[in-house]
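Notes to accompany the following structure.
The values are calculated or read from the model by the stated rules, or taken from the named source; none is laboratory data. This is a predicted model, so every value here is computed, not measured. Note that each Cβ is placed from the backbone with ideal geometry, even for glycine, and that neighbours are counted across all protein chains shown. To get the accessible areas, we keep the full protein, side chains included, count just its heavy atoms, and leave off ligands, DNA and RNA. Shrake-Rupley method; radii C 1.70, N 1.55, O 1.52, S 1.80 Å.
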Amino acid sequence: MLEFNPNSPFLVTELGCINYYAGRYEDSLRYYRQSLALAPHGILAAWGFARSLGKLGRYSEALAFLRKFDGTSSLKNPLLLAEIGYMQARSGDRSDALATMHHLKAMARTRFVDPYFIAVIYLGLKDRDATYAWLDKAYTIRSPFLVSIATDPKWSASQGDPRFQALWNRMLSKDHAAASVPTKSSL
């Protein structure tokens, strides 16, 4: 597809994403930079860029980037705020991570905030009980982000937790799949 449209920020962002999930963080940064040069307000490229920096342990750089990027909008983005909270937690700034999480929870009173985003901050804080409580809420609402727990490198350390496997098994269960796919008779 890039042969037909080499300047597609969406396609270049996807290359960043592929490299992020493959653990090639320097390559993912290169693609995300390229995408942001093509579309400076690309939220997914900004999110991926910060996640890649975080996996390289460059938390302060990721936080500075996210704060500047998110600050260009008068409407704070819950996806970016969750990543800010996660980076704050991973860098050891527990109080700011909790403040960001409380901000997201307050935001949820007036607009939709995916519970997965709160779980991400608890993951960064290493609060496993709260992480799984919020992942269960994400499961209940059928969060589209939930499937990423199987492949996102930030979740790899959690995969040995029995609650992780139980959640994943519920997600793969026939009952869950049947409930989330509309049938002809339900239309």
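Given a 1.4 Å probe and the protein chains all in place, what does the accessible area of LEU11 round to, in Å² to the nearest 10?
Counting only protein heavy atoms, the figure is 40 Å².
On average, how much accessible surface per residue is there in the range 92-157, in Å², for a 1.4 Å probe, leaving out ligands, DNA and RNA?
48
Among 87-95, 147-155, what's the highest-first ranking by average C-beta atoms within 10 angstrom per residue?
Most protected by this proxy first, the peptides run 87-95, 147-155.
Hey, any idea what % of the chain's accessible area is carbon plus sulfur with a 1.4 Å probe?
The C+S portion of the solvent-accessible surface of the chain is 58 percent.
Quick one: Karplus J couplings for the range 144-156, per residue in order, coefficients 6.51, -1.76, 1.60, θ = phi - 60°, nearest Hz, x for Gly and Pro?
x, 7, 4, 4, 5, 4, 6, 10, 5, x, 5, 9, 4
For the chain, taking Cα atoms only, what is the radius of gyration to one decimal and the Dmax to the nearest whole Å?
17.2, 52
So if R0 is 25 Å, what FRET efficiency would HIS102 and HIS41 give, r being the distance between their Cβ atoms, rounded to the nearest 0.05?
Once rounded, the FRET efficiency stands at 0.40.
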